[in-house]
1. Mind checking whether some residue in the range 89-101 is at pLDDT below 95 and either under 12 Å from the mean Cα position of the chain (by Cα) or surrounded by 15 or more Cβ atoms within 10 Å (Cβ to Cβ) (or both)?
2. Within the range 113-129, track down each residue that is more than 10 Å from the ligand (Cβ to nearest atom) and either surrounded by fewer than 16 Cβ atoms within 10 Å (Cβ to Cβ) or more than 26 Å from residue 213 (Cβ to Cβ) (or both).
3. Give the range 71-85 a look and list any residue that's loosely packed, with under 14 Cβ neighbours inside 10 Å, more than 16 Å from residue 31 (Cβ to Cβ) and in contact with a helix residue (DSSP H, G or I) (Cβ under 9 Å, 6 or more places away or on another chain), or say none.
4. With 143, 132 as the choices, which residue is at pLDDT 95 or above and either surrounded by fewer than 21 Cβ atoms within 10 Å (Cβ to Cβ) or touching a helix residue (DSSP H, G or I) at 6+ places or on another chain (Cβ under 7 Å) (or both)?
5. Based on what the data block shows, is residue 61 in a loop (DSSP other than H, G, I, E, B), touching a helix residue (DSSP H, G or I) at 6+ places or on another chain (Cβ under 9 Å) and not assigned by TED's automatic domain parsing to the domain that holds residue 179?
6. Quick one: which residue in 29, 34 is touching a residue at least 24 places away in the same chain (Cβ under 8 Å), outside the structural domain of residue 128 (by TED's automatic domain parsing) and under 23 Å from the mean Cα position of the chain (by Cα)?
7. Based on what the data block shows, is residue 108 touching a residue at least 60 places away in the same chain (Cβ under 8 Å) and part of a helix (DSSP H, G or I)?
Ligand code: G6P
């Protein structure tokens, strides 16, 4: 049960890089595509793709390789990459959930708060299934329902609405700077997951979920008293 003084009644989690590390699988599949077109991409370049949708990622990669393709060719390569990616994530295991995540999700649940997923990926459900995370979520918003790219706040407004909660009552956990901006534009409290220097706009930045207590996060934001 949430108590009456509790400001926050829901948590919205981004998936890739927050709950699981799928960036390495996106990288492997995008790299295979780049190699097929006779160029290469680095891990540093891959960092810039985090949070970008599939077609936007493809456009960026093609520009790095100086490759010009027709729209039909782009659709073809996006499908090829996606099939490679699906092959990689179908072998994911529950052990790939990042440290501390399950314990944190259980704490959130015990506080009586709702839990939603927000991911730009159309493959988010497949990742949740293969890692065993799916039962933890009340609401799943993914690339099939979210149509606007971050920093548009649609990615968080949709799951908040589906939970029946206003943005002011939701904590957003996000690793991409564009996602932090999206959360703030939507009126959410943004918790950055990763390195402070990359997530300057976030209210609080955590390195990850290991040893993280929901009570201490809520206490840090208790100035926003719910009436
Ligand atoms: C997330 C990832 C991106 C990925 C996007 C679309 O935002 O961070 O790297 O491109 O989802 O994923 P999809 O599985 O639909 O191609």
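1. No, there is no match, as no residue in the range 89-101 is at pLDDT below 95 and either under 12 Å from the mean Cα position of the chain (by Cα) or surrounded by 15 or more Cβ atoms within 10 Å (Cβ to Cβ) (or both).
2. Of everything in the range 113-129, those that are more than 10 Å from the ligand (Cβ to nearest atom) and either surrounded by fewer than 16 Cβ atoms within 10 Å (Cβ to Cβ) or more than 26 Å from residue 213 (Cβ to Cβ) (or both) turn out to be 125, 129.
3. Within the range 71-85, 75 is the sole residue that qualifies.
4. On the way: 143 fails: at pLDDT 95 or above.
Step by step, each of 143, 132 is checked, and only 132 is at pLDDT 95 or above and either surrounded by fewer than 21 Cβ atoms within 10 Å (Cβ to Cβ) or touching a helix residue (DSSP H, G or I) at 6+ places or on another chain (Cβ under 7 Å) (or both).
5. Details: in a loop (DSSP other than H, G, I, E, B): no; touching a helix residue (DSSP H, G or I) at 6+ places or on another chain (Cβ under 9 Å): yes; not assigned by TED's automatic domain parsing to the domain that holds residue 179: yes.
Spelling it out, it is not the case that residue 61 is in a loop (DSSP other than H, G, I, E, B), touching a helix residue (DSSP H, G or I) at 6+ places or on another chain (Cβ under 9 Å) and not assigned by TED's automatic domain parsing to the domain that holds residue 179.
6. Within the list 29, 34, the selection yields 29.
7. yes
Rundown of residues vs (1) outside any loop (DSSP other than H, G, I, E, B); (2) touching a residue at least 60 places away in the same chain (Cβ under 8 Å), yes/no style:
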{"position": "91", "(1), (2)": "no, no"}
{"position": "102", "(1), (2)": "yes, no"}
{"position": "122", "(1), (2)": "no, yes"}
{"position": "151", "(1), (2)": "no, no"}
{"position": "173", "(1), (2)": "yes, yes"}
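The values are calculated or read from the model by the stated rules, or taken from the named source; none is laboratory data. These numbers come from a predicted model, not from an experiment. Backbone-built Cβ (ideal geometry, glycine too); neighbour counts: all protein chains shown.
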